[in-house]
Amino acid sequence: RLFPGAAQDLAGLKVIVSAGPTREYLDPVRFISNPSSGKMGFAVAEEARDRGAQVTLVTGPVNLPDLQGVRVVRIETALELRDAVLEAAQDAAVVVMTAAVADYRAAERSGEKQAKVAGDVTVHLTPNPDILAELGQHKGDRVLVGFAMETHAGVERAALKAQRKNADFILLNYPTREGTAFGGDDNEVTLVRPDGSHEAWPRLSKREVARRLLDEAAQHLAAGTR
Ligand code: CTP
Ligand code: CA
């Protein structure tokens, strides 16, 4: 036991966490991405590890070091994230998708750097697979947790997302709250279940959000057949 002080309520269970942004390359030197820091996912991975879980953290490019006692898999694209998460999730008890997966990638990724041309250019984007929804299609007795950032009608949209993806719950946040979400050390989230029931949590450290998230996941595990 690496962390004998913590409650070991996840002992022996596999927990998969995705974190950070993805990069969708247009050519070898240009990509579409987003400012996800990865901090929320790393906090979930640390908390799960300290509670005894066997943790795999699949992360896009972030400025965070590997975590002791966690298997860290570094990927770049949504397709790589998908392969790594689906592989790791096979015998997992809990999957937490904090990754800010790019919704689209270039329909054709050029092998050579594209020189500029005179005038406008059009980029053809094609949708990436929805990893959480794929996990939900073969849910088994895994607990599936998503994150969603919304600018309006958050609870309603998050509940619909949880339904559509067959997730047990989604943590909803808003990009406008200062010091939270992208890059900050705190987060202010609302837990939203597929039936629309929800709980607004106060502004908390990402580690405390991780603790409450795993408390909720552990309740779902206890209610299931595991
Ligand atoms: N997600 C995923 N694969 C994708 C997109 C999203 O697994 N291709 C996961 C995210 O990691 C997150 C949850 O789904 O846990 C919700 O992400 P969000 O972007 O809010 O959902 P979308 O279905 O992409 O909806 P939107 O059109 O609002 O972007
Ligand atoms: Ca999206």
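Residues of segment 1-25 that are surrounded by 19 or more Cβ atoms within 10 Å (Cβ to Cβ) and farther than 19 Å from SER205 by Cα: LEU10, LEU13, LYS14, VAL15, ILE16, PRO21, THR22, ARG23, GLU24. Restricting segment 187-222 to residues that are among the polar types (S, T, N, Q) and under 18 Å from ALA48 (Cβ atoms) leaves a set whose member that is farthest from the chain's Cα centre (by Cα) is GLN219. Take the residues in segment 164-198 that are of a type in the set (A, V, I, L, M) and in a loop (DSSP other than H, G, I, E, B), then tell me which one is modelled with the lowest pLDDT. That would be ALA181. Entry remark, segment 145-161: residues being within 19 Å of GLU188 (Cβ to Cβ), within 14 Å of ligand 2 (Cβ to nearest atom) and modelled with pLDDT of 95 or more number 6 in total.
Figure legend. Inter-residue proximity from segment 126-147: first residues over 13 Å from PHE169 (Cβ atoms), second residues of a type in the set (Phe, Trp, Tyr) and part of a strand (DSSP E or B), beta-carbon distance below 9 Å, spacing 6+ or different chains. Indicated pairs: THR126/TYR104; PRO127/TYR104; ASN128/TYR104. For segment 48-63, the tally of residues that are over 15 Å from LEU10 (Cβ atoms), aliphatic (A, V, I, L, M) and surrounded by 17 or more Cβ atoms within 10 Å (Cβ to Cβ) stands at 1. Looking at THR77, is it β-branched (Val, Ile, Thr) and within 20 Å of PRO175 (Cα to Cα)? Spelling it out, it is not the case that THR77 is β-branched (Val, Ile, Thr) and within 20 Å of PRO175 (Cα to Cα). Of all positions in segment 95-102, at least one carries a residue that is hydroxyl-bearing (Ser, Thr, Tyr) and at pLDDT 95 or above.
In segment 186-199, the residues that are without any contact (Cβ under 8 Å) to a residue 60 or more places away in the chain reach residues that are hydroxyl-bearing (Ser, Thr, Tyr) with C-beta atoms within less than 8 angstrom, at least six apart or across chains, in these pairs: ASP186/THR180; ASP186/SER205; GLU188/TYR174; GLU188/THR180; HIS198/THR190; GLU199/THR190.
For segment 54-78, the tally of residues that are under 24 Å from ALA162 (Cβ atoms) and within 16 Å of ligand 2 (Cβ to nearest atom) stands at 2. Of all residues in segment 99-127, those that are closer than 25 Å to ALA43 by Cβ and touching a helix residue (DSSP H, G or I) at 6+ places or on another chain (Cβ under 9 Å) total 4. The criterion of being more than 27 Å from LEU204 (Cα to Cα), under 14 Å from the mean Cα position of the chain (by Cα) and either crowded, with 19+ Cβ neighbours inside 10 Å or among the charged types (D, E, K, R) (or both) does not hold for ALA45. The residues of segment 103-118 that are small (Gly, Ala, Ser) and modelled with pLDDT of 95 or more, listed by number, are ALA106, ALA107, ALA118. Considering only residues in segment 108-128 that are of a type in the set (A, V, I, L, M, F, W, C) and closer than 15 Å to ARG30 by Cβ, the one that is surrounded by the most Cβ atoms within 10 Å (Cβ to Cβ) turns out to be LEU125. Check segment 68-80 and report whether any residue there is closer than 16 Å to VAL15 by Cβ, within 16 Å of ligand 1 (Cβ to nearest atom) and among the β-branched types (Val, Ile, Thr). The answer is yes, given that some residue of segment 68-80 is closer than 16 Å to VAL15 by Cβ, within 16 Å of ligand 1 (Cβ to nearest atom) and among the β-branched types (Val, Ile, Thr).
Which residue is farthest from the chain's Cα centre (by Cα), if the candidates are limited to segment 85-116 and must be part of a loop (DSSP other than H, G, I, E, B) and within 16 Å of ligand 2 (Cβ to nearest atom)? Applying the filter and picking the extreme gives ASP103. In this structure, is ALA99 more than 16 Å from ligand 1 (Cβ to nearest atom), within 23 Å of LEU10 (Cβ to Cβ) and crowded, with 18+ Cβ neighbours inside 10 Å? Criteria not met by ALA99.
The values are calculated or read from the model by the stated rules, or taken from the named source; none is laboratory data. For clarity, every value in this text was computed on a predicted model and none was experimentally measured. We place every Cβ from the backbone using ideal geometry, glycine too, and count neighbours over all the protein chains shown.
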